[in-house]
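Below is one structure, written out as structure tokens; the observations come after it.
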Amino acid sequence: FNDVFNTGSGPGYGGTCTDQTGLNGNISADPLFVDAATGDLHIQAGSPAIDAGLNAGAPTTDIDGDPRPLDGNGDGVGVVDIGADEVRSETTPPTITCRATPSTLWPPTHMLRPVSVDVSASDDSGSVTVTLISVTSSQPDSGLDPEDLPNDIQGWNIGTDDRSGFLRAERFEEARIYTLTYQAEDPAGNTVICATTVTVPKSQMRG
């Protein structure tokens, strides 16, 4: 089976060779090489060449020595990829832990306090992206009390790998809980969520 693709504007086939797209397992689509310009012809997740080959007669290893066939599209069936590279299906999400410091804001002085989050994320691929998804409060931002100041959550850049900002040491009648949520994502698009909390207690605990 073949993937015949023209990166220019012309057809994939020419001359006396008639168009074989869709015939006998042949396709004509961008193989999604990692970086063809520099000679990196490994294929990426989502390539039409994945699990599109023919097992019969295929080598038992690919150009990197990886075994083939592998289940590259996650359907539970191992089929060789078209070309010299074999892609392994990656369905295992990364691991992530997160912990806010301080985890308690006391006393409730209505002042903004600096908070940092220790995030540890890893993946078998060796690459993982961490993103701050949200910072929320269990109580409204302001108006619950004459001394209740607005803008309790400041300095956090949602959608980035931001691990520090400010939270207001403030609560109304009951304890207030701030929740900071992070996401880890691997190159295959698998994600996992981690949430850590910062509490403004209702009262100070005494031992």
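So here's what we get for this one:
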{"item": "Distance between modelled label sites at GLN20 and ASP141, nm, 7 Å Cα→Cβ extension", "result": "6.2"}
{"item": "Read-out Cα extents along the principal axes in Å, derived from the coordinates shown; its label in [x] 84, 39, 29; [y] 48, 47, 34; [z] 48, 38, 31", "result": "[x]"}
{"item": "Region 129-182, relative contact order [Cα under 8 Å, separation at least 6], %", "result": "49"}
{"item": "Net lengthening on full extension, ASP40/LEU149 (0.36 nm per residue, minus Cα-Cα)", "result": "33.7 nm"}
{"item": "THR131 versus ALA56: modelled label distance in nm, points set 7 Å from Cα along the beta carbon direction", "result": "4.5"}
{"item": "With 10 Å bins from 0: P(r) over region 155-207, alpha-carbon pairs, percent", "result": "19, 39, 26, 13, 3"}
{"item": "Residue among THR104, LEU144, THR92 farthest towards the positive dipole end of region 77-167, charges placed on Cβ", "result": "THR104"}
{"item": "Separation of the THR91 and ASP118 label points, Cα + 7 Å toward Cβ, nm", "result": "3.5"}
{"item": "Relative contact order, percent, the chain [alpha-carbon distance under 8 Å, six or more residues apart]", "result": "17"}
{"item": "Net dipole in debye of the chain [+1 Lys, Arg Cβ; -1 Asp, Glu Cβ; about Cα centre; nearest 20]", "result": "980"}
{"item": "Mean projection area, nm², convex hull over Cα of region 98-202", "result": "6.4"}
{"item": "Three-way shape label, region 1-74, alpha-carbon gyration tensor, a/c 1.5", "result": "oblate"}
{"item": "Rel. contact order, % - alpha carbon contacts under 8 angstrom, at least six apart, region 86-207", "result": "35"}
{"item": "Cysteines not pairable in the chain (beta carbon separation under 4.7 Å absent)", "result": "CYS17"}
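Where a number appears in this text, it was derived from the coordinates with a stated rule and is not lab data. What you are looking at is a predicted structure, and each value in this text was computed from that prediction instead of being measured. Please note: Cβ atoms are built from the backbone with ideal geometry, for glycine as well, and neighbour counts cover all protein chains shown.
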